[in-house]
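The values are calculated or read from the model by the stated rules, or taken from the named source; none is laboratory data. Being a predicted model, the structure only gives us computed values, none of them experimental. Cβ coordinates were reconstructed from backbone atoms using ideal geometry, including for glycine residues, and neighbour counts include every protein chain displayed.
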Amino acid sequence: MVETQARAALSAPLYAFDLPQALVSSLEMRGADRVDDEDAAPAAAQAAATSTPRPRAPGTAPACSLCPGSQAFESVALQRAHFRTLWHRYNLALRQYGAQPPSVPAPLHLVTRDELDRQCDELEDDEGITDQLSALMARLDVREEQEDGGGDAPARIAARAAYEAMRSPLVWFETPADRALVLEQTQLGIYRDVLLASDARRARDGSTPAPRELLAALATPRLTMRQGTGAWPGKHLQGTHHVGRAMQMHVLDGMGLLPWLTPEDLHGGGDESGDTSEDSSASEADELTDESDAAGSELALPPLRLWTFIMMGGGHFAAAVVALNVHAPPLSARAQARGAREQRSVLVLAHKTFHRYTTRRKQGGSQAAQDATGRHAKSAGANLRRYGEQQLRDEIHTLLNRRGWRELIARSEHVWVRAPMRAAPGVLWHWPGSVVSPLDESYANGTLSSIPIATQRPTLSEILRCFFELTRVKMAHLTADELAAQDDAQREKIAAALRADAARNAPPPAPRRRERAATEARRPKRDADEAARRERWERLVAMVRKGKVETLVQFLARHEATLLDGAIDAPLPLWWRRGEMRGHGTIVPATLLQLAAAADQPEVVHYLLVERRANPTLPATRVPSEGAEAALPPTAHRTAYDLCPGRATRAVFRRLMAEQPTWWPWDDMASGARVPSALTSEMEEAQASKSRTRRAAMRDKLREREAKTGAPAVAEPPEAPPPQPPRAARNVPLDAGLSDEMRRRIEREKRARAAEARIAAMRR
């Protein structure tokens, strides 16, 4: 019967505060079923103590909390140096396997400095040459389950299991075979922070119960009253339906459930002074169970257990007080007969959300953080964000200082906060002035912690999602072999981390290794030289393609010896030619002359052919792709003339063939320049005369057509200017390589000087 009920409960989502009692009594922490809870409790206590960082004053260097016998450090630098010592690293490795302080009776203890020195002296000579940490860990043999005799092996195993379980974000439970209820191949996981949040003894005497006791402490009595009875309407909370459907629980508004809690106390309209004196609070109610006896109340409430959630970020603020008591009204006889499922609901006693403009859209970061960098912007947007931050701070203080919120926070067992650590002081706690924040007490006694899961924009729905995610029981169905493999993988991960840590702290390399390291350190310099060389090549290519003759002449005068080895026909670098390749086997320019011809720059082509005597007979070859092993097949002979896309560039080759026929084999199609014919001045004049004659005849025809029809003739095209030789062939002006803007500046300067000269002449 018990097993049937528990398995029926597993069909719906389980929550840590609403587990069946039969299931809670049968659960045991995984891996600790061979020993009693008293054996695992010290390890759990040590894990809980070490998992929570101790607060320290800024600018101080306290003693190491791990190493026994450690004293306070004189500076932060000495503290950091201690963290790199063998003493601290060895104790850190021991703590991973359940080691306890010397004052705690346990099989594995943390060592003092004297004990470490004694153990190092006992090591053999070959063990301490390279890595003392590995030698010390090898002597312990903590990665094996086999212990060297004695009756303390089960205790050590239990201590290590408890410690590792409490260090993990999720604590896994199972039902041993000797329990009344056994769930085969089923593991239940609960967040460690949720278990510790239910522990009230830790805050009083510093002790930590066993995980099983923590799980039992989470059990919370239900609320069984019907909705709409008494003073509580039991309405659904608006805007939370999608969260309730995802978690299979309803979300109800708890306003009116507590007689002493009114909307005026939460949202204003009544006493907003935030009076928290003992007389005023005592006059309300001492315990949550006393409200049921107040006059006018018809509800019999069990002890309510409250959690407070506060989220802040990006100008958004959300706060809510949630009751752990599940509302589950009893089913009627008719509903039970037809097999209806009970309706579970969560009560939200108070909630509030608001937003202010404090962050720049699509950039993030508060304006206060931006001002802290020293760059104090004076724009209108920055001033609006500063005003929004101040308004947000004032609204949060006003809300939390109300009587209702103070009372609810004071009665909450735990406060979960998600807020930037730089913005939380002064806003949520540690308020400036004489007013005390209601979160200061929770901050001091350890009942305030951050939400240990990823969160989104602060909203009421997000708070409820975090509440359900934290308290929902995770289920796994792993076999014994899978669990053993998981444990082995975790131990191997820890062992790999130890080896990596030992490798990072290994002794310095030998002199030969140092020389090798110095050689490796010089490589970036060679890489920088290669990058500078490639940058010059790219500049040279850009000059040729843009036709900047004057700049090209000056650049070659400086860098020709290093880039081209003093030869104008030197091939272009292979890395550039591969970058220009459009596909396998594509012909790309191999020399500067071919590059200028392909870019259709007649002036650059004339300069290279006449002034630098570049070879026009060199072929343009194909470039294999990077990593290609097979050689490319031979191609037909193609020269710079074949790469010319325009008539003007081809005319340079033909004109030079007519002027200097003996320089190169211009008309050789097999191995020469492949220029089909020469172009003389007479041929150019004949072509110009022929064009003028053709245009004159066209004008005559248009006039005759206009005279016959009376319609205006189509405007004749403008006469094309006669072809001009390249600039290099005639007198090239001094400003040939200048841009239009530079030419305009020179003209303005000339006019200004001329005006000054005229004024000086008039004064004479």
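Of all residues in the stretch 311-341, none satisfies the criterion of being within 18 Å of Leu14 (Cα to Cα), outside any loop (DSSP other than H, G, I, E, B) and of a type in the set (D, E, K, R).
In the stretch 514-530, is there at least one residue being part of a helix (DSSP H, G or I), out of contact with any helix residue (DSSP H, G or I) (no Cβ under 9 Å at 6 or more places or on another chain) and modelled with pLDDT of 80 or more? Yes, because at least one residue in the stretch 514-530 is part of a helix (DSSP H, G or I), out of contact with any helix residue (DSSP H, G or I) (no Cβ under 9 Å at 6 or more places or on another chain) and modelled with pLDDT of 80 or more. The set of residues in the stretch 67-81 being loosely packed, with under 11 Cβ neighbours inside 10 Å and touching a Cys at 6+ places or on another chain (Cβ under 6 Å) is empty.
Within the stretch 420-443, restricting attention to residues that are in contact (Cβ under 8 Å) with a residue 60 or more places away in the chain and farther than 14 Å from Ile409 by Cβ, the residue that is surrounded by the most Cβ atoms within 10 Å (Cβ to Cβ) is Val427.
Restricting the stretch 604-624 to residues that are in contact with a Ser or Thr (Cβ under 8 Å, 6 or more places away or on another chain) and not in a loop (DSSP other than H, G, I, E, B), which is surrounded by the fewest Cβ atoms within 10 Å (Cβ to Cβ)? Among residues in the stretch 604-624 that are in contact with a Ser or Thr (Cβ under 8 Å, 6 or more places away or on another chain) and not in a loop (DSSP other than H, G, I, E, B), the one surrounded by the fewest Cβ atoms within 10 Å (Cβ to Cβ) is Arg622. Counting residues in the stretch 67-83 that are outside any helix (DSSP H, G or I), closer than 26 Å to Ala496 by Cα, hydrophobic (A, V, I, L, M, F, W, C) and at pLDDT 85 or above gives one or more.
Of the residues making up the stretch 241-284, not one is β-branched (Val, Ile, Thr), in contact with a Pro (Cβ under 9 Å, 6 or more places away or on another chain) and either modelled with pLDDT of 80 or more or closer than 28 Å to Pro329 by Cα (or both).
Of all residues in the stretch 342-388, those that are in contact (Cβ under 8 Å) with a residue 40 or more places away in the chain and either assigned to a helix (DSSP H, G or I) or of a type in the set (Val, Ile, Thr) (or both) total 8.
Per-residue answers, yes or no, for (1) at pLDDT 85 or above; (2) farther than 27 Å from Gln601 by Cβ; (3) outside the structural domain of Pro602 (by TED's automatic domain parsing):
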{"position": "Pro665", "(1), (2), (3)": "yes, no, no"}
{"position": "Ser671", "(1), (2), (3)": "no, no, no"}
{"position": "Glu685", "(1), (2), (3)": "no, no, yes"}
{"position": "Leu702", "(1), (2), (3)": "no, yes, yes"}
{"position": "Ala707", "(1), (2), (3)": "no, yes, yes"}
{"position": "Ala711", "(1), (2), (3)": "no, yes, yes"}
